[in-house]
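For reference, the structure discussed in these notes is given below.
The values are calculated or read from the model by the stated rules, or taken from the named source; none is laboratory data. These figures come from a predicted structure and were not determined experimentally. Note that each Cβ is placed from the backbone with ideal geometry, even for glycine, and that neighbours are counted across all protein chains shown.
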Amino acid sequence: MRCCRIFFSLLLVFTSLSIISATAAERYQQMVITQHGGPEVLRWVSKKGLPQPGPGEVRLKVLRASASFTDIMVRKGSYQGIDAELPYPPGYDLVGMVDALGDGVSGLELGQRVADLTVWGAYSEYVTRPAAGVVAVPDAISSEQAVVLILSYVTAYQMLYRVAEVKPEQRVLIHGASGAVGTALAQLGRMSGLEMWGTASTAKQDYVRALGVQPIDYKTEDFVKRINADTDGKGVDLVLDAIGPDNFMRSYSVLAEDGLLLEYGLYNASLRGDQLDVLLDVAQWQWQELMWRWFPEQERRTTFYSIGDLRTEQPEWFKQDLAALFELSLEGSVEPHIHDVMHLEHAAAAHRAIENGDVRGKIVLHVSD
């Protein structure tokens, strides 16, 4: 009888522990935006019930995300096209492990590591994503390296090869050359045999120079005068500029006769975080584009690049280009520069570092093991 009591007592304990364990497993953590504003609006919250994948979807256990300037725009409410209601997690890209398969999903396996461009939602331990959009991550690439390649390097790769179609020995000016996209542009440009100049702050001149880029200190130098002097007034074939309309005008002036100004952001207005400023910059940029088309200076061209728009138009390009970057990373042709790895709980500190201009390369957020 005593043995029976002990047995049933132990059974009760194990059953209780199993229930507690199952309940704990059904909870997960997110870093969410509670309202638009500064880093203080980010909150660490616990969610009940794991998200369930629908038909054609997969559930991912997120391993790594990245902190990008675009995430800051989303947090401030200055990024257009977000279809989520507050509160929601930001996070433009992720590397995760396939945790559950929805109906009709084939070609993916449980436990497989994949990468995806989420635009928002990556600051979460679990997410659901369309299975057709994820890209397998090779075993030999770490999750930290892989996540750096998604937004920053695909952006750089597509601007150089899909849009500008660069050729060896062309002259290129990269604004913000020490940032995440700037670093990617520099590494790919060096691989392609481009002659490069890049603007950066005083403290980052050596970093830019080590990337194979001739640094221009935007705090003490006029890049227009410097480019004209270095090229004997001939200008550059390509300018990559995400600063804003005033800078676009000056960048346009240093183009060669058949050069291309490739704009891909509105950094200054987005940094201020005022939606009116962003709208005014958009209006000014659109007016500039209209004037350049009506009254072109020789054969100079301009275009605006958006990774999200191009992915919508050409979804296979994103998958092809990220897979190509994984191969380039395995070969050692590109080396993702990781500024720091921080736990997702410290996303606010990562955002502050980016806004303060303290980052060289990319900050990776550790979400789960």
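Which of the residues spanning segment 113-145 are of a type outside the set (Asp, Glu) and either assigned to a loop (DSSP other than H, G, I, E, B) or not assigned by TED's automatic domain parsing to the domain that holds Val95 (or both)?
Keep residues of segment 113-145 that are of a type outside the set (Asp, Glu), which gives 113-115, 117-124, 126-138, 140-143, 145.
Result: Thr118, Val119, Trp120, Gly121, Ala122, Tyr123, Val134, Val137, Pro138, Ala140, Ile141, Ser142.
Looking at Leu110, Leu160, which is the one that is of a type outside the set (Lys, Arg), modelled with pLDDT of 95 or more and outside any loop (DSSP other than H, G, I, E, B)? Of the residues listed, the single one that is of a type outside the set (Lys, Arg), modelled with pLDDT of 95 or more and outside any loop (DSSP other than H, G, I, E, B) is Leu160.
Take Ser46 and decide whether it is within 24 Å of Ile338 (Cβ to Cβ), hydroxyl-bearing (Ser, Thr, Tyr) and modelled with pLDDT of 95 or more. Spelling it out, it is not the case that Ser46 is within 24 Å of Ile338 (Cβ to Cβ), hydroxyl-bearing (Ser, Thr, Tyr) and modelled with pLDDT of 95 or more. Asp369 - would you say it is out of contact with any Lys or Arg (no Cβ under 8 Å at 6 or more places or on another chain), farther than 19 Å from Leu266 by Cα, assigned to a strand (DSSP E or B) and acidic (Asp, Glu)? Answer is no for this residue.
Filtered by the rule that a residue be surrounded by 19 or more Cβ atoms within 10 Å (Cβ to Cβ) and in contact with a Ser or Thr (Cβ under 8 Å, 6 or more places away or on another chain), segment 338-358 gives a lone residue, Ile354.
Yes/no matrix, rows are residues, columns are (1) more than 30 Å from Leu94 (Cβ to Cβ); (2) not in a helix (DSSP H, G or I); (3) not assigned by TED's automatic domain parsing to the domain that holds Ala65:
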position	(1), (2), (3)
Ala156	no, no, yes
Leu173	yes, yes, yes
Val181	no, no, yes
Leu185	no, no, yes
Gly198	no, yes, yes
Asp232	yes, yes, yes
Leu240	no, yes, yes
Arg250	yes, no, yes
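Reported count of residues in segment 319-357, each being of a type in the set (D, E, K, R) and within 17 Å of the chain's Cα centre (by Cα), is 6.
Please verify whether Tyr153 is of a type in the set (Phe, Trp, Tyr) and either within 16 Å of Arg360 (Cβ to Cβ) or at pLDDT below 95 (or both), treating the condition exactly as stated.
Numbers: of a type in the set (Phe, Trp, Tyr): yes; either within 16 Å of Arg360 (Cβ to Cβ) or at pLDDT below 95 (or both): yes.
Yes; evaluated as a whole, the condition is true for this residue.
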